[in-house]
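Readers should treat all values here as calculations from the given coordinates under stated rules, not as data from a laboratory. Note that this is a predicted model, so its numbers are computed, not measured. With ideal geometry, Cβ positions are generated from the backbone for all residues, glycine too; neighbour counts draw on all protein chains shown.
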Ligand code: FES
């Protein structure tokens with residue numbers, strides 16, 4: 001299209017420069033204006049204020065037995081709360097973080113060793129890994145197993161085998177007596 | 001038509017050889033020959049098109065946050081206003097955009113009436129335009145229902161009940177429209193579906209409208225066809241820049257409403273959630289439908305064995321359909337009102353008549369408003385059925401210039 | 001065709017005056033609201049006092065169910081203040097793991113608590129009259145804030161010969177003059193934390209400001225953004241006009 005604007009002739013160099021200047025000034029302001037007016041349309045698809053303000057989830061830990069995992073919902077996603085057995089804690093602590101895909105100490109992931117709280121979303125492509133119910137496979141490392149593409153997580157929720165790049169995320173948590181607040 | 005340029009960019013050339021989109025755009029938007037004497041009244045076609053695009057874009061994102069359910073619709077709209085990012089802005093643009101759309105389209109239509117743009121060979125162009133107007137009305141009406149306020153609900157009730165005037169099958173048709181025995185969730189749901197669909201129908205019709213336009217090109221204030229290349233200028237850059245300037249002016253006024261008086265065209269009652277048990281004291285449609293609403297209400301008497309209600313409905317639809325017949329009802333060979341001294345007067349009388357109808361449509365149906373509405377309605381139809389055919393025969397037009405260049409040589413008639 | 005434009009402008013003006021009239025009660029006099037006009041904002045102190053009036057007076061019958069406590073952050077309430085305000089109410093939540101509803105203290109993300117569980121309960125408690133939700137009240141009444149202020153201060157003795165029905169109250173600005181709501185504001189009816197004397201006028205002014213904000217929480221941002229946008233459009237249009245002149249100059 002640029003080759004066709006040229007034939008609105010200007011008179012001599014001066015006029016041409018002035019017109020070019022005006023053309024550039026107008027186009028820049030116009031382009032910025034269009035950009036700015038598209039932004040509200042795009043941003044309206046981002047999480048709205050009420051979604052962002054969603055209340056945190058509070059969970060009573062007292063009924064969860066040793067070895068049991070429960071699933072609670074936080075921001076629409078499953079969160080696994082596992083009351084770990086002594087063996088599981090030991091297994092998680094015995095790993096040398098250097099050997100891991102996503103190196104992290106178990107002590108960092110579980111401030112209170114008996115409670116492991118992770119977001120139950122596989123870091124590969126978002127499936128919910130199995131291992132939250134007694135009948136389910138827990139994978140080669142006794143934690144979780146994602147059936148979608150075969151990721152294995154250990155008893156600290158760390159990725160040990162399979163395509164997932166990261167450990168299961170740990171949500172922000174605050175313990176308060178026998179309850180925990182997630183978020 | 002000048003041949004398409006030889007595209008320098010090899011990718012463009014490759015594509016254009018297989019699918020000539022670039023040549024098409026070049027012919028239809030860049031090189032497209034346009035009469036050089038178009039006035040600013042010719043801006044409103046493209047302005048309407050741009051407003052349509054704005055409506056579609058804002059509408060799509062609004063639909064993402066809106067819930068078409070009787071229990072949630074009202075609250076979901078207010079949630080858009082309060083919690084969705086820029087939701088208030090998008091909704092107010094969409095809401096006032098409907099008014100802006102009708103302003104542009106009505107000016108566009110009245111420009112066509114003044115300069116005889118509907119005459120041969122542009123009849124189909126004109127008819128498609130009227131179909132667009134009808135579709136717009138249906139779309140606007142259904143959009144008005146979606147917030148599920150009191151006006152939404154009762155507008156839906158009144159308008160759908162029009163169909164009950166149809167003899168024998170009226171009642172079943174209304175039940176079919178409603179999907180129930182009253183306006184309820186199924187109605188809201190289908191109105192939402194159709195409100196989303198119809199704008200795309202309008203886009204298609206606009207394409208046909210433009211297609212027809214580009215066959216015989218634009219009419220112009222003189223009303224004689226262009227006769228030489230000297231009378232034509234390429235659409236780009238002359239009319240692209242003129243249209244963009246016009247867009248700037250329109251946006252300025254439009255955004256004044258959006259930001260500083262966003263609810264000016266809204267009845268406060270529509271911020272009261274729909275209540276099927278209570279009708280607001282005074283229900284009125286949006287301003288752009290008021291003249292037609294006045295015509296509907298003007299018929300208060302049965303004719304012969306036909307009930308008033310049915311005649312009212314027929315009158316209302318006829319008032320739009322009659323516009324489609326205008327190319328044949330106007331018998332004058334002269335296009336532009338500039339050279340039709342009597343039509344010029346008649347035009348303004350007709351325009352005033354439309355304003356009166358609008359005023360009556362907004363007023364309660366009582367006292368003097370009723371006979372005034374009836375007279376205005378009679379005149380509306382008289383204008384098309386009596387005045388226009390006779391005027392073409394009895395009016396003595398001024399000498400029409402033989403060409404645009406000849407007309408432009410005349411002092412003080414540059415048109416703007 | 002210029003005449004055309006003038007007539008059109010007149011027509012638009014007509015439409016505007018039209019929508020303002022048609023009401024059986026006298027129009028409430030216009031007040032000088034600080035939030036009027038293209039630069040107007042809600043007075044923060046008015047708003048705070050207005051919230052006090054709403055919580056202590058209106059909230060016993062009228063819900064505000066589209067407004068959340070967290071929205072107060074938009075007009076300068078701190079997070080702590082909002083938490084305290086929200087925690088003052090008990091809200092029903094649930095069901096919990098046992099399938100039972102339970103009540104807990106309100107949180108910022110909660111909507112303002114409604115006084116009644118449903119419209120039927122609201123009617124039953126108010127002699128059959130339904131106290132409307134106030135979330136969009138100034139948008140939902142002709143005259144907006146002026147009407148609301150007029151209504152709240154418009155309780156009078158009926159003129160001689162005017163018969164007020166049982167359980168109704170005479171109000172100068174209510175359409176038909178008979179309103180089920182008894183005069184809600186009484187001299188000294190609330191105690192303002194900032195020590196302002198709570199006259200009826202003061203309380204009406206404050207609560208109207210608060211409810212105007214509740215109806216149009218976006219107003220301040222809207223006006224601020226509007227000025228900027230209009231300025232940009234103005235400059236852009238002027239530039240476009242210059243460019244148009246230049247491009248067309250080549251033609252003549
Ligand atoms: S999503 Fe879990 S392995 Fe792919």
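One table, with the values for the structure above:
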read-out	value
Projected label distance in nm at residue A:127 and residue B:18, using a 7 Å step from Cα toward the beta-carbon	3.8
Chain C: most fluctuating residue of C:238, C:122, C:30 per GNM, C-alpha cutoff 10 Å	C:238
Cβ-derived FRET efficiency at R0 56 Å, residue B:171 paired with residue C:231, nearest 0.05	0.50
Segment A:50-77 and segment C:126-177: distance between their alpha carbon centers, rounded to Å	48
Fraction of the pair-distance distribution of segment B:32-276 above 22 Å, Cα-Cα pairs, percent	60
At 1.002 mPa s and 20 °C, Stokes diffusion of chain C via Kirkwood alpha-carbon radius, µm² per second	99
Label-point separation, residue B:75 to residue C:251 (7 Å along Cα→Cβ), nm	5.7
Ratio Rg/Rh [Cα only; Rh per Kirkwood] for segment B:146-218	1.17
Volume in Å³ per residue [convex hull over Cα atoms, computed for segment C:122-170]	100
Sequence of B:396, A:158 once ranked by neighbouring C-beta atoms within 10 Å, starting from the fewest	B:396, A:158
Semi-axis lengths, Å, the protein assembly as shown, gyration tensor of Cα atoms, sqrt of 5 times eigenvalues	56, 41, 26
R0 of 25 Å, Cβ-Cβ distance residue C:41-residue C:192: FRET efficiency to nearest 0.05	0.75
With eigenvalues of the C-alpha gyration tensor scaled by 5 and rooted, segment B:206-267, Å	34, 15, 11
Whole-angstrom gap from segment B:1-55 to segment B:264-280, using each part's C-alpha centre	45
37 °C / 0.692 mPa s Stokes-Einstein diffusion coefficient of chain B, Kirkwood radius on C-alpha pairs, µm²/s	139
Average beta-carbon neighbours from other chains, 10 Å sphere, peptide B:75-84	6
Fewest-first ranking of A:115, B:176, using other Cβ atoms within 10 Å as the exposure measure	B:176, A:115
Of every Cα-Cα pair in segment B:1-53, the percent that sits beyond 15 Å	61
Rounded to 10°, Cα long-axis angle of helix B:123-145 versus longest principal axis of chain B	30
Degrees separating the helix B:341-362 axis from the principal Cα axis of chain B, which is the longest one	20
Estimated FRET transfer efficiency (residue B:64, residue A:54; beta-carbon r; R0 25 Å; 0.05)	0.85
Cα long-axis angle, helix B:150-161 against chain B (0 to 90 degrees, to the nearest 10)	80
Gaussian network model of chain A, springs between alpha carbon atoms under 10 Å - residue of A:31, A:49, A:94 with greatest fluctuation	A:31
If the convex hull is drawn through the Cα atoms of segment A:52-182, its volume per residue in Å³	103
Average partner coverage of A:44-54, which counts Cβ from other chains inside 10 Å	6
Order of C:216, B:395, A:98, B:171 - criterion: other Cβ atoms within 10 Å of each residue's Cβ, fewest first	A:98, B:171, B:395, C:216
Potential extension, residue B:375-residue B:306 segment - 0.36 nm per residue separation minus Cα distance	22.8 nm
Shielding by other protein chains, B:393-400, mean Cβ within 10 Å	0
